[in-house]
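Here's the structure we're looking at; comments come further down.
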Amino acid sequence: MSDLLHTMALSASGMKAQSTRLRHVSENIANVDTPGFRRKLVSFEAAPAGIGRPALVETGRVRFDRSELPLIHDPGNPLADESGNYRGSNVDLVVEIADARQAQRSYEANLKMFDQARQMTSNLLDLLRN
Amino acid sequence: MFADLEIVRMAQGLARHAAARQEAVARNVANVNTPGYKQVGLPDFASLHARTVSSGSEASGMRATRAAHLGAGHDYAPPAPRVVADARQAPNGNSVSLEGEIMKAAELRRDHDMALAIYRTATSVLRAGIGRR
């Protein structure tokens, strides 16, 4: 029974981590046209396990994508310099959407594991009922 | 009294083993996108059973002989999850295969249901034996 409760805690931590990642992805997508915006990256790591507590998964520190910001030629833009260029954001929509889809799939898998543990627990408790 | 019956003990062992496997599977699924994570797994119940009843002496592994010993009171104690050594790794060092985990989850779900069904049947047989339905 305690294994099943640990299972639910683990799956819940996985879902929390994936939804944090999805939040950062939506932040990137919202800022795709913001000049000078650097794409935010978040990675997962295992939290240290304690006695009687499983090693949950959590999101690590938020980092910036260090790749070059693209130079956009638009002389009419108020941010443009003498040569008519300004720096855009380094967000790639295709990458972000692929990332969002992966987060969604992983979230669903965690949800399925949570549901299975819940059903196993309730089946176990049904033994007491009759 | 119930714990002395071999069939009930085995059903308990199978249910406990399924729960321990479920924890390992959930850990793998939760870490499916963690870089450098190594997949963990448990041996199946058949090998655990073979080790528990091997040669009648049950000599391999440590045995709890007193109630105060750690792990006494039940046999078939599931082993701790171990890192699966020969799993293929993704470029980021993660070795979890989501398809494999889902398959394991379906398998252990079946094991757990079977264990509970066996337990329920055994208790209903006992109830019939003491005159109740």
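The values are calculated or read from the model by the stated rules, or taken from the named source; none is laboratory data. What you see is a predicted model, and the numbers here were worked out from it, not measured in a lab. Virtual Cβ from ideal backbone geometry, glycine too; neighbours counted across all protein chains shown.
Just to be sure, is B:Glu99 exposed (fewer than 12 other Cβ atoms within 10 Å of the Cβ), modelled with pLDDT of 90 or more and out of contact with any Phe, Trp or Tyr (no Cβ under 7 Å at 6 or more places or on another chain)? Lay out the reasoning, then the answer.
On the way: exposed (fewer than 12 other Cβ atoms within 10 Å of the Cβ): yes; modelled with pLDDT of 90 or more: yes; out of contact with any Phe, Trp or Tyr (no Cβ under 7 Å at 6 or more places or on another chain): yes.
So B:Glu99 fits the description; yes.
Here are A:Asp126, A:Asp99: which of them is over 24 Å from A:Asp33 (Cβ atoms) and among the acidic types (Asp, Glu)? If you could, list the steps in order and put the result at the bottom.
Details: A:Asp99 fails: over 24 Å from A:Asp33 (Cβ atoms).
Answer to the check: A:Asp126.
So, B:Met114, is that one of a type in the set (A, V, I, L, M), modelled with pLDDT of 85 or more, part of a helix (DSSP H, G or I) and under 26 Å from B:Ile7 (Cβ atoms) or not?
Details: of a type in the set (A, V, I, L, M): yes; modelled with pLDDT of 85 or more: yes; part of a helix (DSSP H, G or I): yes; under 26 Å from B:Ile7 (Cβ atoms): yes.
Spelling it out, B:Met114 is indeed of a type in the set (A, V, I, L, M), modelled with pLDDT of 85 or more, part of a helix (DSSP H, G or I) and under 26 Å from B:Ile7 (Cβ atoms).
Name the residue that is farthest from the chain's Cα centre (by Cα), counting only residues in region A:20-53 that are β-branched (Val, Ile, Thr) and away from chain B (no Cβ under 12 Å). Lay out the reasoning, then the answer.
Just the residues of region A:20-53 that are β-branched (Val, Ile, Thr), to begin with: A:20, A:25, A:29, A:32, A:34, A:42, A:51.
Applying the additional criterion that residues be away from chain B (no Cβ under 12 Å) yields A:25, A:29, A:32, A:34, A:51.
Working: A:Val25: 7, A:Ile29: 13, A:Val32: 17, A:Thr34: 21, A:Ile51: 28 Å.
Out of the qualifying residues, it is A:Ile51.
How many residues, within region B:57-77, are modelled with pLDDT of 60 or more and of a type in the set (D, E, K, R)?
Number satisfying all stated conditions: 2.
Does region B:78-96 hold any residues that are modelled with pLDDT under 85, buried (at least 18 other Cβ atoms within 10 Å of the Cβ) and among the small types (Gly, Ala, Ser), and which are they?
Within region B:78-96, no residue meets the criteria.
For (1) β-branched (Val, Ile, Thr); (2) closer than 16 Å to B:Asn28 by Cα, each residue gets a yes or a no:
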position	(1), (2)
A:Thr7	yes, yes
A:Ala17	no, yes
A:Ile29	yes, no
A:Arg38	no, no
A:Gly60	no, no
A:Ala80	no, no
A:Glu96	no, no
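A:Ile72 is checked against (1) within 15 Å of B:Val32 (Cβ to Cβ); (2) more than 12 Å from chain B (Cβ to nearest Cβ); (3) among the β-branched types (Val, Ile, Thr) and fails just one. What number does that condition carry?
Every listed condition holds for A:Ile72 apart from (1).
List every residue pair whose Cβ atoms sit under 9 Å apart, with the two residues 6 or more apart in sequence or on different chains, where the first one lies in region B:100-116 and is under 11 Å from B:Arg21 (Cβ atoms) and at the interface with chain A (Cβ under 9 Å from one of its Cβ atoms) and the second, anywhere, is outside any helix (DSSP H, G or I) and modelled with pLDDT under 95.
Listed pairs, sorted by first residue: B:Glu101/B:Val32; B:Glu101/B:Gln39.
Checking A:Glu45 against (1) surrounded by 12 or more Cβ atoms within 10 Å (Cβ to Cβ); (2) free of Cβ contacts under 8 Å to residues at least 24 places away in the same chain; (3) in a helix (DSSP H, G or I): exactly one of these is not met. Which one?
The one condition A:Glu45 does not meet is (3).
The rows are residues; the columns are (1) within 14 Å of chain B (Cβ to nearest Cβ); (2) within 16 Å of B:Asn33 (Cα to Cα); (3) not aliphatic (A, V, I, L, M).
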position: A:Gly60; (1), (2), (3): yes, yes, yes
position: A:Asp81; (1), (2), (3): no, no, yes
position: A:Asn90; (1), (2), (3): no, no, yes
position: A:Gln102; (1), (2), (3): yes, yes, yes
position: A:Arg105; (1), (2), (3): yes, yes, yes
position: A:Lys112; (1), (2), (3): yes, no, yes
position: A:Arg118; (1), (2), (3): yes, no, yes
position: A:Thr121; (1), (2), (3): yes, no, yes
position: A:Arg129; (1), (2), (3): yes, no, yes
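Please list, ordered by first then second residue, the pairs with beta carbon atoms under 6 Å, 6 or more apart or interchain, first in region A:71-88 and on the phi > 0 side of the Ramachandran plot, second outside any strand (DSSP E or B).
Listed pairs, sorted by first residue: A:Gly84/A:Pro75.
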